[in-house]
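Reviewing the structure listed below.
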Amino acid sequence: MSLFACRWLPGKKRNKDARPPKALVFLCHGYAVECGVTMRGTGERLARAGYAVYGLDYEGHGRSDGLQGYVPDFEALVQDCDDHFASVVRSHGTTVRHRFLLGESMGGAVALLLHRARPDFWTGAVLVAPMCKIADDMRPHPVVVSILRAMNSTYPPGRSCPPTTSLTPPTGRRRRGTRSGATPTATRTSRASRPRSSCSRSAWTWRQTSCTRCRCRS
């Protein structure tokens, strides 16, 4: 399985040596969106302010593998983020001390779980309209929940609408990637003091014996 990763780095000022970023910021996007497009503006603004920003499209989201919009295991999704973010922190060594999570909507829940699992690892977290719980007045009736859970365990996951024209056609996908400068292999470096952005697909594999995620292979 391949997961799509993005980053925005502070640009080098003219006639000056590059300085370490002020801090590392890790983006956790919401449901049915992605980092490379919907959170691009956030990444660019933070990079212009001197922060190194990293994001990961969850399984089934954006340009990552998986059935679009389907999250088979939320704990595995959180673990994917933890593994990738930790590998980024290791790559920076001791040059950057501070690291923050920035979660939006469902990504707020991801950020909360990441921070709760390792509170000493993170300097802090920023939550934007986080999905902490379902409001009581919007919660489905317990009978409805039981029926849906039974259906989920009985029927295999599949597309709920025609796959060829309704959701992210290949041409639109290529066009969207071009707008954001997000290509699997290219790294685009902008001019003086502008943030540098790049995206890549990080390879993940499944262990056949235990079906647990392996660490990202660089």
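The values are calculated or read from the model by the stated rules, or taken from the named source; none is laboratory data. Every value quoted in this text rests on a predicted model; they were computed, and no experiment measured them. Neighbour counts are summed over all protein chains in view; Cβ atoms, including those assigned to glycine, are modelled from backbone coordinates with ideal geometry.
In this structure, does Ser87 turn out to be part of a loop (DSSP other than H, G, I, E, B), closer than 21 Å to Ser2 by Cβ and either touching a Cys at 6+ places or on another chain (Cβ under 7 Å) or modelled with pLDDT of 95 or more (or both)?
Working: part of a loop (DSSP other than H, G, I, E, B): no; closer than 21 Å to Ser2 by Cβ: yes; either touching a Cys at 6+ places or on another chain (Cβ under 7 Å) or modelled with pLDDT of 95 or more (or both): yes.
It is false that Ser87 is part of a loop (DSSP other than H, G, I, E, B), closer than 21 Å to Ser2 by Cβ and either touching a Cys at 6+ places or on another chain (Cβ under 7 Å) or modelled with pLDDT of 95 or more (or both).
For residues in segment 25-38 being within 20 Å of Leu114 (Cβ to Cβ) and either without any contact (Cβ under 8 Å) to a residue 24 or more places away in the chain or β-branched (Val, Ile, Thr) (or both), which is surrounded by the fewest Cβ atoms within 10 Å (Cβ to Cβ)?
So, considering only residues that are within 20 Å of Leu114 (Cβ to Cβ) and either without any contact (Cβ under 8 Å) to a residue 24 or more places away in the chain or β-branched (Val, Ile, Thr) (or both), the one surrounded by the fewest Cβ atoms within 10 Å (Cβ to Cβ) is Thr38.
Please state which of the following conditions Gly41 fails to meet, knowing it meets all the rest: (1) touching a residue at least 12 places away in the same chain (Cβ under 8 Å); (2) surrounded by fewer than 20 Cβ atoms within 10 Å (Cβ to Cβ); (3) of a type in the set (Gly, Ala, Ser).
In the conditions (1) touching a residue at least 12 places away in the same chain (Cβ under 8 Å); (2) surrounded by fewer than 20 Cβ atoms within 10 Å (Cβ to Cβ); (3) of a type in the set (Gly, Ala, Ser), Gly41 misses (1) alone.
Answer yes or no: is there a residue in segment 166-176 that is within 19 Å of Tyr51 (Cβ to Cβ) and either surrounded by 12 or more Cβ atoms within 10 Å (Cβ to Cβ) or modelled with pLDDT under 75 (or both).
Step one: filter segment 166-176 for residues within 19 Å of Tyr51 (Cβ to Cβ), giving none.
No, segment 166-176 contains no residue that is within 19 Å of Tyr51 (Cβ to Cβ) and either surrounded by 12 or more Cβ atoms within 10 Å (Cβ to Cβ) or modelled with pLDDT under 75 (or both).
Which of the residues belonging to segment 99-143 are part of a helix (DSSP H, G or I), surrounded by fewer than 12 Cβ atoms within 10 Å (Cβ to Cβ) and at pLDDT 95 or above? Talk me through it step by step, then tell me what you get.
Keep residues of segment 99-143 that are part of a helix (DSSP H, G or I), which gives 106-117, 136-138, 142-143.
If we keep only those that are surrounded by fewer than 12 Cβ atoms within 10 Å (Cβ to Cβ) too, we end up with 116, 136-138, 142-143.
Correct list: Arg116, Val143.
Taking segment 45-65 as the search range and keeping residues that are more than 12 Å from the chain's Cα centre (by Cα) and surrounded by 19 or more Cβ atoms within 10 Å (Cβ to Cβ), which one is farthest from Leu9 (Cα to Cα)?
My answer is Leu46.
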